[in-house]
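The next block holds one structure in the form of structure tokens; read it before the comments.
A short reminder: the numbers here are calculations on the coordinates, not readings from a lab. Remember, it's a predicted structure, so these values are computed and weren't measured experimentally. A quick note on method: Cβ atoms are made from the backbone with ideal geometry, for glycine too, and the neighbour counts reach across all protein chains shown.
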Amino acid sequence: ALQASFACKAHNQSQSYLANNQIRSSFKVAVLGAAGGIGQPLALLIKMSPLVSTLHLYDVANVKGVAADLSHCNTPSQVLDFTGTPELGDALKGVDVVVIPAGVPRKPGMTRDDLFNINANIVKTLVEAVADNCPDAFIHIISNPVNSTVPIAAEVLRQKGVYDPKKLFGVTTLDVVRANTFVAQKKNLKLIDVDVPVIGGHAGITILPLLSKTKPSVTFTDKEVEELTVRIQNAGTEVVEAKAGAGSATLSMAYAAARFVESSLRALDGDGDVYECAFVQSELTELPYFASRIKLGKKGVEAIISSDLQGLTEYEQKALEALKPELKASIEKGVAFAQKQA
Ligand code: NAD
Ligand code: LMR
């Protein structure tokens, strides 16, 4: 049922895998920031996964109650709680996938980069602990600004001598989820059929939906392309403004992050047909990190899909060039922060 709830055809390629496999149900997942707005619904969705045997919930406070509550759900996984730095190491030992939504969210009027000063330190500290306790795990970074926190995480792992670029992901699944929803609404398509690759990064104009690559093939007027692109780029701000000071997207983010966790677990479990968009180390462009479609395998990123960048429309090509300076600056800011701290 959970598989079906993440359904879109491209994401649903697991049907044959599901039919042919005995689900192993033995993966350990840790959520760091588990008592937060994203952390709680994300933990619930992961608790529903048949692939998870143990769910480790870590936060600096309030995580005991969340874990007690969740542990009453009669799904297979065991839930364990960990509070504060002294318990962080134990929260990470033996874990296959670490998801990091720890950090402060935006308020109206802020950019994601305004979160840098607080969240950079949080991500750095948490990734240091990941390096020390589960260096082979897949690491999913949700904390903003993703365009900088992923390079920070990479530098920290590098400094610790355990960086595997195939296993570090900035989570951009929400951009794809939004693009699929908005395109299906605008073009009156069945939601399950729609898949739009979103490339670049995860902030403002660095979020670039490739509408010309929408599956199934759809035609858009120039006005539709402009409206949809801007809406997808500003969708985070749309939620921040609607919440009016009470935070940013949490429920749709939890849904998107759970989809990315499920895809990662399926890949770890041997499904050979798992594709997602994510912000990863990349040679697709001259930038060292870039979001694009990737193929996931047992060892992480198995392939970066370059075909989406071929045959772009003029609008997409211009938008791609326009996003590069901002994305480059955000990446460099993250790298400089981590190197200064070393
Ligand atoms: P929140 O404030 O509701 O929750 C954050 C949680 O992190 C809190 O429970 C807090 O105690 C915890 N935390 C703080 N410092 C910590 C530390 N050192 N170790 C462990 N936990 C710590 O915020 P939220 O709405 O859940 O958002 C979290 C982050 O996710 C924000 O930075 C937000 O911008 C980002 N976000 C990213 C995306 C994306 O698409 N990548 C989408 C939405 C939100
Ligand atoms: C989002 O896209 O919803 C998140 O990055 C949160 C935000 O600050 O917009």
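Observations on the structure shown:
- Selected residue (only one of 245, 311 is more than 16 Å from ligand 2 (Cβ to nearest atom), over 30 Å from residue 136 (Cβ atoms), touching a residue at least 40 places away in the same chain (Cβ under 8 Å) and outside any helix (DSSP H, G or I)): 311
- The residues in segment 178-199 that are basic (Lys, Arg), away from ligand 2 (no atom under 16 Å from the Cβ) and under 16 Å from residue 210 (Cβ atoms) can be counted, and the count is 2.
- Any hit, segment 268-282, residues being crowded, with 20+ Cβ neighbours inside 10 Å and hydroxyl-bearing (Ser, Thr, Tyr): no
- Evaluating residue 55 against the criteria (1) within 14 Å of residue 259 (Cα to Cα); (2) touching a Leu at 6+ places or on another chain (Cβ under 8 Å); (3) not small (Gly, Ala, Ser) leaves one unmet condition, (1).
- Flag if residue 112 is at negative phi, within 12 Å of ligand 2 (Cβ to nearest atom) and buried (at least 24 other Cβ atoms within 10 Å of the Cβ): yes
Every residue, every condition in (1) touching a His at 6+ places or on another chain (Cβ under 8 Å); (2) more than 16 Å from ligand 1 (Cβ to nearest atom); (3) closer than 24 Å to residue 326 by Cα, yes or no:
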site	(1), (2), (3)
185	no, yes, no
198	no, no, yes
206	no, no, yes
211	no, yes, yes
218	no, yes, no
232	no, no, yes
243	no, no, no
253	no, no, yes
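- Of the set (1) touching a strand residue (DSSP E or B) at 6+ places or on another chain (Cβ under 8 Å); (2) part of a helix (DSSP H, G or I), all apply to residue 237 but (1).
- Unmet criterion (only one of (1) near ligand 1 (Cβ under 9 Å from one of its atoms); (2) out of contact with any helix residue (DSSP H, G or I) (no Cβ under 7 Å at 6 or more places or on another chain); (3) not small (Gly, Ala, Ser)) for residue 175: (2)
- Within this structure, residue 263 passes the test of being in contact with an Asp or Glu (Cβ under 9 Å, 6 or more places away or on another chain), closer than 28 Å to residue 39 by Cα and buried (at least 19 other Cβ atoms within 10 Å of the Cβ).
- Subset of segment 23-59 (residues that are closer than 16 Å to residue 130 by Cα and either away from ligand 2 (no atom under 16 Å from the Cβ) or without any contact (Cβ under 8 Å) to a residue 60 or more places away in the chain (or both)): 28, 29, 30, 31, 32, 34, 55, 56, 57, 58, 59
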